[in-house]
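Structure record follows, encoded as structure tokens.
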Amino acid sequence: MEVLALDLMEQPPPQIDEALFPVRRFEEPRPIIKAKQSTLFERPADLESYGVACLDNTSSLHVINWRWIRAWFQFENRLPVHRDYYDPIVEQIVECLAVEASDPTTPFMSHLHQAYHLYREGTFQTAELEARLLSGQSAEEIAGRLSIPAAVIDHYHDTFFEVRRMLACSSFIMSAVFSTEIHTKGIQDFRVFLRLMAFQGGPSVLDEVLLYHRSPRPTLPRKLKNVSTDQLLHARRWLTVHQAVLAYSIVPTNDRERLRTSQMPTML
């Protein structure tokens with residue numbers, strides 16, 4: 001065993017095949033290029049954590065905004081990418097970052113700018129957009145509901161929220177989309193609940209949750225003789241979602257509360 005260990009130690013280190021992993025050498029140290037403070041795009045906070053992993057198309061460590069992270073990593077480090085890992089969308093983003101960093105007044109890829117605005121603001125419209133993507137709706141269907149151009153929706157999905165190809169893998173979606181938010185915000189956050197219901201129930205359940213969010217609590221008299229059928233159906237739909245919200249929001253602390261929450265009907 002000692003001789004074997006000695007032989008292994010004396011072996012030279014493996015050589016890197018530069019045909020597969022090209023290395024760009026510089027005669028002088030080159031400082032990392034960072035976007036100017038006046039840029040319209042903000043450097044991703046998780047660039048250091050996922051930048052290298054996102055260079056591989058087949059990596060299991062991909063996050064839903066892997067193209068955005070990879071583009072920034074290539075832009076800052078000027079990394080050549082092997083043809084097997086080439087992604088045309090990433091190259092367009094890198095070009096946009098380079099153009100915007102040199103001259104922020106130059107209009108370039110306006111759809112990407114609009115998609116980034118949605119991503120950066122994080123409004124309820126952004127949450128609804130992500131919920132509709134998780135429900136499996138197409139860009140054209142979402143555009144008709146949110147009055148957002150379909151091209152902007154495609155840019156948002158491909159750059160910041162790529163989930164379509166993994167919708168059949170619930171473990172990936174729960175980990176990549178919901179794991180951090182459930183631990184930080186909790187399911188009590190309505191935006192988390194909205195997207196979770198959209199992923200689990202599809203477009204029909206999503207529409208019911210949105211109706212609940214946009215409608216005031218229904219008030220009904222004690223005697224329902226003079227209440228119309230439409231009012232009763234609306235109240236039933238609203239209360240069904242409200243029960244689901246309570247079932248996901250209440251954290252039982254004793255057996256009595258566990259029994260009550262377990263008996264609440266679900267929407268799915």
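None of the figures in this text is laboratory data; all of them are computed from the coordinates on show. Note that the structure is a prediction, hence the values are computed from the model and not measured. Cβ: placed from backbone, ideal geometry, glycine included. Neighbour counts: every protein chain shown.
Taking R0 as 35 Å, what FRET efficiency do you get between Ser147 and Arg256 from their Cβ-Cβ distance, rounded to the nearest 0.05?
Working: r = 47 Å, r/R0 = 1.34.
According to the calculation, E is roughly 0.15.
With charges only on Cβ, +1 for K and R and -1 for D and E, what is the dipole size of region 112-202 about its Cα centre, in debye, rounded to 20?
Dipole about the Cα centre, nearest 20: 160 debye.
Go ahead and run the numbers for FRET between Arg120 and Arg217, Cβ-Cβ distance against an R0 of 41 Å, rounding to 0.05. All intermediate terms of the calculation are to be shown ahead of the outcome.
Working: r = 33 Å, r/R0 = 0.80.
Efficiency at R0 = 41 Å is approximately 0.80.
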